[in-house]
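Worksheet: the structure to be examined is printed underneath.
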Amino acid sequence: MTDCLPMILRLIVILLLASPLVLAGPLDAQTQREAGLELVLLADASGSIDAEELAFQRQGYALAITDEVVIAAIRNSIYGNVAVTYIEWASNTAVVVPWTIVDSTESARAFADALTGPPRQAYGSNAIGAALLDAKRLIEGNDVFAPRAVIDFSGDSIRNSSGPSISAARAEVLAAGITINALPILRPEDGRRAGANLEEEYATRIIGGPGAFMVTAEGRNSFAETVRRKLVLEISGLTPDEQLAEARLEE
């Protein structure tokens with residue numbers, strides 16, 4: 001019997017050491033937040049966007065996310081909430097508002113208030129591929145569990161001056177099961193001129209994944225309304241064509 005004691009003691013020590021590992025799974029699961037959608041708002045802050053335009057974009061998103069139609073879409077979704085983060089991209093990417101669960105008018109206003117205050121932290125030329133991959137990492141590394149993940153990419157150019165190629169980054173994002181939607185921002189002087197059709201470029205080179213779509217921002221006057229419409233579609237899991245079909249059925 002005495003010969004067995006060392007072995008028994010060793011087994012007890014092993015079990016005691018292993019117990020925190022056994023408990024780690026359930027404890028980690030308890031700290032994970034649940035949402036109906038993980039949404040990265042990936043906004044252009046490259047050299048073509050000056051300080052006034054940057055502030056205008058943020059204000060547009062702030063107005064859109066606090067709109068009563070968007071709040072209603074969130075409340076009527078399966079989970080009744082969404083997880084949202086706002087990122088600005090240029091040569092680098094910068095988190096303006098970290099992951100936030102939006103489930104009410106109050107939480108939407110808190111997100112909007114946090115969006116309009118921070119200073120600019122993204123500078124330089126375009127690195128679209130790197131921005132898409134950074135958005136993917138933010139989705140995969142957060143503390144949120146959701147059945148859907150969407151990167152909402154907006155910009156006024158398709159140039160990719162540094163970092164990974166757009167095609168390679170896009171393929172990696174789509175392989176991870178993440179949808180990429182797009183918001184091309186047209187400028188009066190170059191929006192649809194020959195050889196520089198931003199909508200066509202975004203449709204063929206940016207968007208992808210289940211239910212992917214694109215909504216165009218035609219100019220300043222309609223920017224917030226365009227963002228509002230896009231958020232409603234993304235939260236509801238619809239595309240522009242499906243929304244039009246639903247509207248016709250209700251007539």
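The values are calculated or read from the model by the stated rules, or taken from the named source; none is laboratory data. This is a predicted model, so every value here is computed, not measured. Every residue, glycine as well, gets a Cβ built from its backbone with ideal geometry; the counts of neighbours run over all protein chains shown. To get the accessible areas, we keep the full protein, side chains included, count just its heavy atoms, and leave off ligands, DNA and RNA. Shrake-Rupley method; radii C 1.70, N 1.55, O 1.52, S 1.80 Å.
Select, from Gly117, Gly124, Gly141, the only residue that is touching a residue at least 60 places away in the same chain (Cβ under 8 Å), open to solvent by 20 Å² or more (accessible area, probe 1.4 Å) and of a type outside the set (D, E, K, R). So that I can check it myself, show each step before the final result.
On the way: Gly117 fails: touching a residue at least 60 places away in the same chain (Cβ under 8 Å); Gly141 fails: touching a residue at least 60 places away in the same chain (Cβ under 8 Å).
Of the residues listed, the single one that is touching a residue at least 60 places away in the same chain (Cβ under 8 Å), open to solvent by 20 Å² or more (accessible area, probe 1.4 Å) and of a type outside the set (D, E, K, R) is Gly124.
Note on the stretch 73-90: residues that are out of contact with any strand residue (DSSP E or B) (no Cβ under 7 Å at 6 or more places or on another chain) and either of a type in the set (A, V, I, L, M) or surrounded by 21 or more Cβ atoms within 10 Å (Cβ to Cβ) (or both) total 3.
Note on the stretch 142-166: among residues that are in contact with a Lys or Arg (Cβ under 7 Å, 6 or more places away or on another chain) and part of a loop (DSSP other than H, G, I, E, B), the one that is modelled with the lowest pLDDT is Asp156. Show the residue pairs meeting these rules: Cβ distance below 7 Å; 6+ apart or different chains; first residue within the stretch 204-228 and closer than 26 Å to Ala169 by Cβ and at pLDDT below 90; second residue among the hydroxyl-bearing types (Ser, Thr, Tyr) and assigned to a helix (DSSP H, G or I). Every condition considered, the pairs that remain are Ala217/Thr226.
Does Gly129 satisfy being of a type outside the set (Ser, Thr, Tyr), open to solvent by less than 10 Å² (accessible area, probe 1.4 Å) and touching a residue at least 24 places away in the same chain (Cβ under 8 Å)? Yes; evaluated as a whole, the condition is true for this residue.
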